[in-house]
Structures are given as C-alpha cells and as structure tokens.
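K.L.:
Here it is, the structure, as structure tokens.
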Amino acid sequence: MEGKEKKLPDLFPKETTRRGFLRGTAVAAGSAVAMVTVGGLAAKAAHAQAAAPAPQKDLMKYLFAERENCTGCRACEYACSVYHTGVVRPSVSRIHVLKYKDSIDVPVVCWHCNDAPCVAACPTTPKSIIPDPNHNGIILNEKTCLGRKCLKCQEACPAQFVWVNPDTGMPLMCDMCAGDPACVKACKDQSGNPQGPCLMTNKLGFGVNLAFRDVKPNEAGKDLLDLTFYPNVDGKRPTPAKTKKTRRS
Amino acid sequence: MTATKGGCFGKILEIDLSKQTYKTREVPDEIYQKAIGGNGLAAYFLTTEYKAHKDPLAEDAFIYIGPGPLNGTFCVSTRTSFAHMSPYTGLISHAETGAHFGNEIKWAGWDGIYIKGRSKKPVWLSIVDDKVEFKDATKLWSKDTEETHEAIIKGMNDPYARTAVIGPAGENQVPFSCVIVERFRAAARSGTGMLMGNKKLKGLAVRGSKGVPVVDNVKFMEMATYAKKLAVEKEAWQGIKRWGTAGLMEQNNFFTGSLITKNYQTTWYPDVVKIGAEEANRKFWKRHVACNHCPIHCLKLGVIREGKYKGLIAEGPEYESGGLLGSNLGMTNFNDMIALIEACDAYGIDNISTGGVLGFTTELVEKGVLKPADLDGLKPKWGDGDTYMELIRKIVYKEGKAGKLLSKGVKKMSAEIGKGSEAYAVHVKGKELAAHDARGDKARAYSYALGSCGGDHHEGASTRALVIFAMINSLSTCSFASALIWGGENAKITVGMLNPLCGWNMTEDDYWTTGKRILTMERVFNVREGISRKDDILPVRMRTEKLPAGPKKGAIFTEEDTKKMQDEFYSFVGWDAKGIPTDATLKAYGLEYSIDDIARARKEYNL
Ligand code: SF4
Ligand code: SF4
Ligand code: SF4
Ligand code: SF4
C-alpha cells in the first residue's frame with residue numbers, strides 16, 4: 001500500500017476546500033434526487049389512476065457518492081445484485097463498500113468517467129464495453145469479451161471499481177441500471193434521521209467524476225478517516241502508537 | 001430426510017481443531033423446520049450430542065456459529081448467534097451479534113460453523129467459500145482485538161473479509177470474555193471468548209461469493225420488501241437512528257425509572273446528562289454505522305477529543321455499556337467512561353459483566369466488606385475511572401489478588417467473600433444483569449429471569465416476546481429491525497418470508513410452536529444441569545429493596561410479580577409448575593428424545 005509520506009492526489013489541497021466542494025455537489029445532485037423521487041411517486045400515482053400518462057423518467061448519467069454519509073449498510077450491494085440477478089449476492093454487485101480500518105465505510109462506485117479509461121483499454125474490435133449514449137452506463141458484450149484472460153478494463157480503471165464475476169470471469173461493469181440506478185434508491189431508503197443519503201445521481205458529471213476517480217478506495221478510506229475523526233482541530237493526529245499506550249495505561 | 005430447497009444450503013462446516021481437519025456435515029430440511037438455525041439449531045445439537053454435566057471446556061466441546069435461513073437474503077438486518085455450553089454459568093449460552101460476519105458465512109455457502117477440538121498451538125481460520133485454512137496465530141497471541149483484526153485482514157490479503165476474534169481476556173480464560181466481531185460488535189455474556197481461547201482459536205475470517213438459494217423469489221421479495229419498509233418508516237424508531245440506544249440512558253433515568261445506578265442501588269442518576277446521548281452527541285460522536293441492510297444504523301462511532309485518551313476512536317455508549325460502565329459506576333467523566341468501554345472491546349471482555357463486577361466491588365468497598373488490602377491496595381470509588389481501568393486490566397490478566405477475585409464474576413465472588421455480600425450480588429443464574437432495573441421496568445424481568453441464558457436483556461420482555469426472541473435469535477434477525485418493529489406482525493412476516501424462501505408450508509401457529517420448541521430445547525438443557533422454577537427469579541436486591549428515588553420511587557419486584565410471571569410463561573410454553581417441560585409438551589414439540597433426560601433430572605434434583 002502507499003507509503004506513509006505519500007500524499008493524496010492534489011485534487012483538494014486543503015481540507016476546507018474539499019468539504020466545501022463536496023457540499024456543493026450534494027446540493028446540486030440533491031435536487032436531481034428529489035426529481036427522481038417526485039417522478040417515482042408520480043409514476044405510482046399514475047399506475048393507480050391509469051388515466052394520467054406516466055411522466056417520462058429522467059435518465060441519469062452519473063453516479064456520485066457523498067462518502068461522509070455512508071453507514072456501511074451495503075443496501076446498495078444488495079440492490080445492485082438483486083437488479084442484475086434477482087437475488088442478493090454481493091460478489092456480483094457492481095458497487096461495493098470497503099470497510100477501511102473498520103472505522104470507515106467507503107462506497108466504491110463507477111464514476112462514469114467521460115474519457116472512460118476502461119473502454120479505452122479494451123483490446124477487442126469492436127469494443128466489448130461501451131458507454132450507452134442515453135444513460136452513460138457501461139454495457140458489456142459477453143459474446144466478445146475475453147473475460148478472465150484479459151481484464152484490461154479492470155487494470156485500467158483508476159477507481160479500482162471493476163470486479164470480476166466469480167462464475168463467468170466477466171468484468172462487472174456499472175450499467176447505470178438503464179438510467180435509474182437501483183443502488184441510489186436503496187441508499188435513499190437506508191438514510192434518514194439524521195443521515196442523508198450517500199449515493200446520488202445526476203445528469204451532469206461536473207467533472208467531479210474525473211476528479212474523484214483517481215482516489216483509490218484505500219486512499220479514500222484513509223482520507224475519510226482523517227476527515228471524520230481527526231479534522232484539523234490542532235493540526236495533528238495522535239499517532240496510533242500513542243493511542244494504544246493510553247488505552248493500555 | 002429431505003434436502004433443503006432454499007434459505008439453507010443443508011451443510012454446516014465442521015471443524016476439528018485437534019486434528020486440524022474440516023468436513024461438511026449435512027443437515028436435512030426437517031431439522032431446519034424444527035429448529036430454524038442459529039440459536040435453535042445449536043440448542044438441538046446441545047441437547048442431542050451432550051450428556052448432562054458435560055465439561056464445557058472438554059476437548060470435544062463445541063461452539064456453533066450460526067446464522068439462519070434469512071441471513072444473506074434480502075431480509076432486513078440479519079445477525080449471527082454464537083452458541084455453546086457456557087463455561088461461565090454451566091448452562092446453555094447464545095450470544096447474538098450484528099455486523100456482516102454471519103452473512104459472509106452464508107455467502108461462503110455454509111449454514112453455520114461447528115467448531116470442536118483443541119489446537120496445540122494458536123491458530124486462526126481462513127474460510128473462503130469452501131476452502132478452509134488453519135493459519136498460525138502464535139504471533140497474534142496476546143494481541144488485543146484491534147491488532148488481531150488488522151493482522152487477520154492482512155493475512156487474508158482481502159480487505160473485504162469479515163472477522164471474529166478474541167483478545168487477551170479470552171486467552172487468559174476469563175469466564176466472561178467475549179468474541180469481538182469486526183472490531184466493534186461483541187458476541188458476549190457467557191464466555192464464548194474463554195471457550196475459543198481454550199481451543200487456542202484466536203479468530204476466524206470469512207469471505208464468500210455465493211448467493212442464498214430462494215425457492216419462490218417473487219413472493220419472498222414481496223414480503224421481505226414489506227418487512228424492510230416497516231423498518232425504514234416506523235415512526236418510533238427514528239430516535240434510535242439518531243441517538244442509538246444511548247438515548248435510552250436519559251429516557252430510562254427521567255421517565256422509565258430503570259437506569260441502573262451504583263450497583264443497582266437506585267435508578268435515579270441525574271448526572272446521566274454528563275454521560276448520556278446528549279453529551280455523546282456534543283463531544284464524541286462522529287458517524288453512524290449500520291449492520292448489513294439495516295436502515296437503523298444504531299452503532300455510533302466517535303473520537304475522544306481531549307484529555308489523556310485524546311485521539312481514541314471508540315464505539316458507544318450503547319445503553320448497556322453506558323449503563324454498566326457509566327451510571328452503574330457513578331461515572332461523571334464522559335471520556336473516562338468511553339475509555340473503559342473501549343478497553344473492554346480491546347481486551348475482548350464482556351462490558352456488562354465487567355461493569356457488574358466493578359459495581360459490586362465498589363459497593364463492597366464502600367460498605368467495608370472488602371478492604372484495599374484485598375484488592376492489591378486499590379480503592380475503587382464511584383466515578384474513579386483510573387482505578388476501574390486498572391481493575392479491568394487486572395481482571396483480564398488475572399493479576400494479583402484483585403484480578404484473581406474479580407475475574408470470577410459476581411456470584412462466585414460473593415460466595416467466596418460471604419459477610420452478607422450476597423444481598424448486593426446482582427446476578428441471575430450466575431450471570432450479571434444488564435442495565436435495565438426490573439423494578440422500574442418490570443417487563444424486563446421476563447428476559448432476565450425466564451430467558452435461557454440468565455440475566456440477559458435480549459430474550460424478550462413478555463411471555464410472547466420470549467417466544468419471538470427465540471425465533472429471531474434463530475432466524476437470525478435483529479431485535480430492533482425485526483422483532484420490535486414488526487410487533488404484532490412477527491409471525492405473519494416471518495412465515496411469509498420463510499415459506500417462499502425455503503419452500504416450507506409453515507402456518508402462523510407453526511411459528512409459535514417452533515419458538516416454543518426452541519425455548520423448550522434450551523430449557524431441557526438447563527433442567528439437566530439443575531435449573532427449575534427456584535432459579536427463575538430476580539436477584540435478591542430487586543425483590544427486597546425498594547427503589548429509593550426517581551420516577552419509580554418505592555417500586556419493588558414482589559413475590560406476586562414473580563409468581564404471576566412464572567405461571568403465565570410456564571403455561572404458555574407447556575411446562576409444569578416447577579418450570580419443567582412435561583412429557584406431553586415434549587411429545588407435542590417432537591422432542592421425545594429428551595423425555596428420558598427430563599425423567600433423570602427430576603430424580604436427580606428431586607423435582
Ligand atoms: S470509474 Fe472505472 S469502470 Fe467506471 S467509467 Fe471510469 S474507468 Fe470505467
Ligand atoms: S475483460 Fe472484456 S471488457 Fe474488459 S478489457 Fe478485456 S475484453 Fe474488454
Ligand atoms: S447504478 Fe446500477 S449497476 Fe451501477 S452500481 Fe448502482 S445498482 Fe449497480
Ligand atoms: S446504501 Fe448508501 S449508506 Fe448504505 S453502504 Fe451503500 S452507499 Fe453506504
């Protein structure tokens with residue numbers, strides 16, 4: 001793993017900037033979540049009355065994680081595997097949640113990078129993975145994909161998002177659930193008093209996806225651990241050794 | 001005998017630590033229908049495989065780690081049972097814990113893990129799907145639970161693995177040591193840690209890639225989604241989401257009158273405002289953590305921000321840990337209390353029993369029954385965090401006179417000390433009580449006095465709840481996200497999920513019968529060890545001393561209360577007036593094999 005001295009990517013040089021930045025995204029994306037919800041309710045109502053035509057659902061193109069809000073419940077993994085296979089099975093869920101040092105939960109999502117390094121790395125012609133033009137989800141063609149023999153996409157993903165299906169050896173790509181992400185709906189259910197949802201969707205990427213995707217899950221965990229438990233109150237975090245001693249004293 | 005169709009795999013991983021081998025034990029569907037899983041299945045194994053008066057630390061004694069049919073499915077918040085014969089109380093013991101460990105066992109393709117034997121040198125187990133490895137734990141021995149957890153995760157080379165480990169307390173055979181699951185969750189109360197330590201098993205790590213088979217997925221998802229929705233929306237539970245169980249500290253002090261204080265002397269502790277949820281929110285909590293698929297996220301993590309424990313990340317206070325190591329010890333320094341809680345987690349020792357022992361000791365010192373000379377010169381007083389910290393360390397390492405005495409637990413301590421100390425010894429069936437005083441909260445007496453493990457707050461606070469909790473501990477689901485939230489719909493929802501999941505035809509009546517059967521199996525085990533009506537009572541203090549202050553001032557648990565509770569429960573589950581399951585009951589539940597055991601016990605104990 002990264003050495004002690006290695007800094008996180010210089011995306012957010014100051015802690016305050018980072019937090020402010022995240023908040024900004026939350027607001028912008030939050031309104032989009034609200035839209036989805038209203039759409040969903042309206043759809044239900046329409047179903048009941050049958051007369052009114054269901055309003056068109058917005059297709060979302062980007063996924064975000066407000067990681068500070070994650071409770072580690074893994075409802076997103078449940079929802080993703082249920083959406084794709086019908087039953088709960090985290091090992092085939094696209095999204096996964098890393099428990100970092102058992103104090104922090106890091107949801108690992110596909111950021112749907114505009115330049116999609118995974119797609120660029122795919123050696124087959126035509127490409128075995130392509131972003132869907134409507135909803136940006138990465139669609140895998142199982143017929144042409146070389147699977148376990150290749151996995152160049154997994155290697156290329158800077159977010160370390162791509163896992164491999166243990167049965168088929170195919171990469172597990174986030175297909176955005178055709179524009180209406182199941183994980184986001186599940187996360188919203190899980191949240192509530194006092195926690196807001198962690199996962200969000202949006203039609204725009206704001207470049208956030210490009211910025212975030214270079215932070216590896218472990219780095220994000222370390223970053224989040226510091227941010228959560230040791231914000232710069234006095235500029236220093238006690239060393240683990242010292243912590244241990246006090247506990248034992 | 002038929003194979004399981006869904007919910008269960010029909011196989012249990014059986015591990016022999018003496019031979020360092022493992023094999024698959026096939027379990028037919030009929031057994032699951034009878035005992036469900038988790039704690040129920042363990043009770044079945046304990047009553048069929050053990051003869052009376054088994055040595056709980058014998059080489060072939062087993063620990064059963066049991067999730068149930070609902071684990072790893074879409075069911076809301078599922079848990080795991082760690083069950084065995086308790087080396088602490090000599091009775092049946094099951095400890096339930098949350099987090100993700102139990103689900104991972106299911107996803108690895110096992111219905112449970114049955115561990116027997118004793119390793120020559122320390123080991124830890126790596127379980128990845130059906131591959132099991134025995135790993136050397138010599139270097140991990142003596143490490144605390146956090147270090148052990150980290151080392152095992154590293155050894156797995158997989159940050160997504162889930163662990164259950166013991167700390168120094170389990171290694172040193174402290175009878176109320178526990179297993180710490182994924183760092184902050186504990187399977188505690190009856191010496192599971194001691195048993196693992198005795199087997200030289202430092203920990204387990206599990207990772208699975210399978211899915212649990214479902215017979216009728218459409219029907220199952222329908223009911224599971226409904227059950228989940230209740231957990232998401234139930235109004236009354238929004239507070240637990242926000243405040244965790246710590247919120248009960250204030251509530252039980254100011255309204256319920258059941259917050260235990262200074263070794264159960266009173267339930268009035270106005271200083272609770274210095275150590276309760278409000279204070280935790282102000283100066284400690286940082287984030288909310290949930291078990292799998294749980295919308296309640298009752299676990300709160302925080303960091304101590306000042307003083308000598310500055311920088312310490314810890315979990316809590318929960319109602320029980322904050323009660324036992326807070327108000328019960330007269331603590332007014334919040335950070336000191338959190339440090340005590342975290343020390344227990346790190347050492348792998350049950351914070352309820354530890355708090356009980358420390359409170360009892362302090363009162364004995366206060367009353368002059370114990371002298372500092374008996375405690376290596378230490379003089380614990382209410383609120384003295386440093387002395388308590390030192391005493392916990394002594395208990396864990398059984399160090400000096402104090403360590404040797406206190407590590408015995410309240411019951412044996414009072415027997416050894418005598419001098420009227422029995423009057424202040426708060427335990428049921430040899431186990432310390434949790435943080436609800438049953439004088440202020442009378443319903444709690446059902447769980448303490450009638451529950452199978454003794455002194456346990458987690459076995460249902462009414463006759464019907466005892467049956468419901470026997471079910472949820474076998475299924476295994478969470479008491480918040482399922483039992484209490486589903487309320488009157490428990491039978492309907494459970495059956496509605498189990499039938500399409502497992503391909504069963506259970507009725508709601510069967511739900512109650514199954515729960516009663518599980519309670520009866522557990523009771524059979526305890527009756528064989530000499531338990532009967534005389535033991536199903538609260539500690540003497542709660543029956544003879546009135547609460548001196550607080551909202552329930554003057555309350556006491558009377559003999560009539562005891563009698564009413566016992567009669568009501570015995571007749572509901574089909575036991576006789578002595579609290580012994582009748583032959584007719586055993587037959588009705590399909591437990592004919594226990595009839596001889598009961599007859600022998602009746603003769604042996606003159607019942
Ligand atoms: S996050 Fe990874 S998988 Fe997702 S689009 Fe970017 S490179 Fe591809
Ligand atoms: S594994 Fe399949 S999708 Fe991934 S790079 Fe190789 S061929 Fe393309
Ligand atoms: S958007 Fe859909 S495919 Fe992608 S992680 Fe979420 S649930 Fe899975
Ligand atoms: S559902 Fe949301 S809160 Fe739960 S683990 Fe996933 S991202 Fe985190």
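K.L.:
Report, as an integer, the average count of C-beta atoms from other chains found within 10 Å of each Cβ along A:94-103.
P.N.:
5
K.L.:
Of B:106/B:154; B:54/B:210; B:379/B:552, which pairs sit farther than 25 Å apart, going by alpha carbon to alpha carbon?
P.N.:
As for pairs spanning more than 25 Å Cα to Cα, those are B:54/B:210; B:379/B:552.
K.L.:
Are there residues in region A:176-205 whose accessible area shrinks by at least 20 Å² when all protein chains are included rather than the chain by itself, and which are they (probe 1.4 Å, ligands and nucleic acids not counted)?
P.N.:
Residues losing area: A:189, A:190, A:193, A:194, A:195.
K.L.:
Please list B:570, B:160 in order of solvent-accessible area, largest first, computed with a 1.4 Å probe with all protein chains present.
P.N.:
The ordering from most to least exposed comes out as B:160, B:570.
K.L.:
Given a 1.4 angstrom probe, what's the average accessible area per residue across region A:63-226, in square angstrom?
P.N.:
Here the residues of region A:63-226 average 35 Å² of exposed surface.
K.L.:
While we're here: In whole angstrom, note down how far apart the Cα centers of region B:31-98 and region A:204-227 are.
P.N.:
42 Å
K.L.:
Could I ask something else about it? Quick check: at a probe of 1.4 Å, how many percent of the accessible area of region A:63-226 sits on carbon and sulfur atoms?
P.N.:
55 percent
K.L.:
Determine the residues within region B:230-244 where the difference in accessible area between the chain on its own and the full set of protein chains amounts to at least 20 Å²; count protein heavy atoms only and use a 1.4 Å probe.
P.N.:
Residues losing area: B:232, B:238, B:241, B:242.
K.L.:
Solvent-accessible area per residue for region B:225-269 at a 1.4 Å probe radius, Å²?
P.N.:
39 Å²
K.L.:
Which aspartates and glutamates, on any chain, are close to residue A:188 with Cα under 18 Å apart, when same-chain ones fewer than 8 places away are left out?
P.N.:
A:58, A:66, A:68, A:77, A:105, A:180, B:233, B:235
K.L.:
Total Å² of accessible surface buried at the B-A contact, 1.4 Å probe, nearest 100?
P.N.:
For chain B against chain A, roughly 4300 Å² becomes buried.
K.L.:
If you don't mind, another one. At a probe size of 1.4 Å, how large is the accessible area of residue B:507, to the nearest 10 Å²?
P.N.:
About 70 Å², ignoring ligands and nucleic acids.
K.L.:
In whole Å, how far is the Cα centre of region A:64-130 from that of region B:329-347?
P.N.:
Rounded to whole Å, the Cα centres lie 38 Å apart.
K.L.:
What do the square roots of 5 times the Cα gyration tensor eigenvalues come to for chain B, in whole Å, largest first, as semi-axes of the equivalent ellipsoid?
P.N.:
They are 34, 28, 25 Å, listed from largest to smallest.
K.L.:
Continuing with this model, one more query. Please list, or write none, the aspartates and glutamates whose alpha carbon is within less than 15 Å of the alpha carbon of residue B:229, excluding same-chain residues fewer than 8 places away.
P.N.:
Correct list for residue B:229: A:189, B:489.
K.L.:
OK, next. Probe radius 1.4 Å, ligands and nucleic acids ignored: give me the carbon and sulfur share of the accessible area of chain B as a rounded percent.
P.N.:
53 percent
K.L.:
Let me ask something else about it. What residues in region B:372-405 lose 20 Å² or more of accessible surface when the other protein chains are added to their chain alone (1.4 Å probe)?
P.N.:
Output list: B:389.
K.L.:
Taking a probe of 1.4 Å, how large is the accessible area per residue of region B:318-368, in Å²?
P.N.:
Value for region B:318-368: 12 Å² per residue.
K.L.:
Going through the cross-link list B:202/B:381; B:262/B:404; A:57/A:216; B:34/B:431, which pairs have a Cα-Cα distance over 26 Å in this structure?
P.N.:
B:202/B:381; A:57/A:216; B:34/B:431
K.L.:
Heavy atoms only, probe 1.4 angstrom, no DNA, RNA or ligands counted: give me B:230, B:586 ranked by accessible area, highest first.
P.N.:
Ranked list, largest accessible area first: B:230, B:586.
K.L.:
Taking 22 Å as the cut-off for C-alpha to C-alpha distance, list the pairs among A:61/B:219; A:101/B:139; B:371/B:429; A:101/B:286; A:61/B:234 that go past it.
P.N.:
Listed pairs above 22 Å: A:61/B:219; B:371/B:429; A:61/B:234.
The values are calculated or read from the model by the stated rules, or taken from the named source; none is laboratory data. Model, not experiment: these values are computed from the prediction. All Cβ positions, glycine included, derive from the backbone under ideal geometry; neighbour counts span all protein chains shown. Side chains are part of the model used for accessible areas, which takes the heavy atoms of the whole protein and leaves out ligands, DNA and RNA. Shrake-Rupley method; radii C 1.70, N 1.55, O 1.52, S 1.80 Å.
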